[in-house]
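Rule-based calculations on the coordinates, nothing more; no lab input. Remember, predicted model here, so these are calculated numbers, not experimental data. Reconstructed Cβ throughout: ideal geometry from the backbone, glycine too, with neighbour counts over all protein chains shown.
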Amino acid sequence: MKILDKYLLKTFLTTFTTVFVILFFIFILQTVWLFISELAGKDLDLILILKFLLFKMPSLVPLFLPLSILLASIMTFGSLSENYEFAAMKSSGISLKRAMRSLTIFILLLSIVTFLFANNVIPYAEYKFINFRRNIAQVKPAMAIAEGQFSDVGAYNIKVEKKSGKNGTHLDQVTIHKKSQMGSGSNTVIKAKKGELISNEDSNILKLVLFDGNYYEDIIPKKFEERKNVPFAKSEFKQYVINIDLSKLNTTDINDEQITNKNTMLTIGELKYTLDSLNNNYKKDMVSYTDNIYVRTGIANNTTQKIGKEKIPKSNKLLLNYTNSQQQQILKVACSTVDASNFSIESSQFEMENKVKTINDHWIAFYDKFVIAFACFLMFFIGAPLGAIIRKGGLGLPIVFAILIFIIFHFINTFGKKVAGENGISPFLGCWMSTFVLTPLAIILTKRATDDKGFTINMDFITQPIQKLYQKIFPSEE
């Protein structure tokens, strides 16, 4: 490796490492803020919090790795241009294309490593992260309930004044509001002086045992005029046991597609196998459903009808051989058959759409592993020539360009995957849309930078008509 290649690689790696570490800590702080309700006031020690963040870290890499490469490329090549180092290279006969060669090889290797990381490390980390959250609630049941505030746990809102004992399992002054199944607030209130949390690591059930309390429940009479009396039932108890399903604690999160969907926990080989199974099941369901609709019509039972070369009568003459009462009966049966078929189609449409969305989500997870690898390569070929063109290093103008380009990339990528998940466009187009939009920009910037041309936008087609109109309205006096 020549001295120039070593110098460029060292300069880029230094900038890239600095930017990567800074963005890494920024996104970690953002994660802590988003999960603050699960981490704060839950009696968690430092080891559990570090494990919690450790399992979440790999899924953040696709967010800040392309931005790190883009920003490092702009800063490195912008600094080289600003300090006239590129001018010295060109005077020695070294072009920008030659200067980028060693870094291109490095970015190519980094893209391959990123693909392997996205295919192996991230799915494993997602699996560990989801299960670790469930295990925290089982090993430390007090995590599910915070002091001095109502905690939403399953079908209950629970408030305790004080927690004590090992792992905070002993509770004082417990107030529980049971959620109404009709979604009209809480009709049941339970108050107890003492309580105890009992859990088992092998079970998703958290047992809450209450002592010395009262049970209040509003009664809604069937007759409307009796509801004005607002009747309720009250009972006392020495001991009352509530079983809480902890498996539902993982269903609410900041990013439903990354946490609750199992497709993010699968590698490419597993996604292919799962997609084959999902597609086969979907096709079988469609065939089974269409055969069922066909049988319901009764056409399959009409084996005596001979179509062949015989002329089929027009629709208005089909019922002429029947009496009026028979015609009415036939029409009633036909209408009921059509109504039943329409009802069956409408009821099954939602189920089929969900199956299609599940298939699309798996395809999105499949293409995402390739998109993140190509994004690293793409961001380098946007940032390097852009830095050579703007000739500015440091943390000023390069940050503005980097953030602007990355916002465009991230917005298009998120929008495309969202539309693809709703079956608006194909998953392939939804995942690769952002790269399709920015690839022409990378080609244009690279070509102009290697040709030693600047990048300017000609706005004469806008300014000239305005200038002419201004001169007509306000002619200059000579």
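Around Ser79, with a cut-off of 11 angstrom between Cβ atoms, what is the net charge of the other residues, counting Lys and Arg +1 and Asp and Glu -1? Taking every other residue near Ser79 into account, the sum is 0.
As a quick test, which of the pairs Lys51/Lys163; Lys179/Lys284; Lys56/Lys178; Lys272/Lys418; Lys10/Lys369 have an alpha carbon distance above 30 angstrom in this structure? Distance filter (> 30 Å) returns Lys179/Lys284; Lys56/Lys178. For Val160, the shell of other residues with beta-carbons less than 9 Å away shows a net charge of 0, using +1 for Lys and Arg and -1 for Asp and Glu. Of the peptides 46-52, 427-433, 374-380, the order by per-residue mean of other Cβ atoms within 10 Å, starting with the highest, comes out as 374-380, 427-433, 46-52.
Take the Cβ atoms of Leu108 and Leu469, set R0 to 56 Å, and the FRET efficiency comes out at 0.60.
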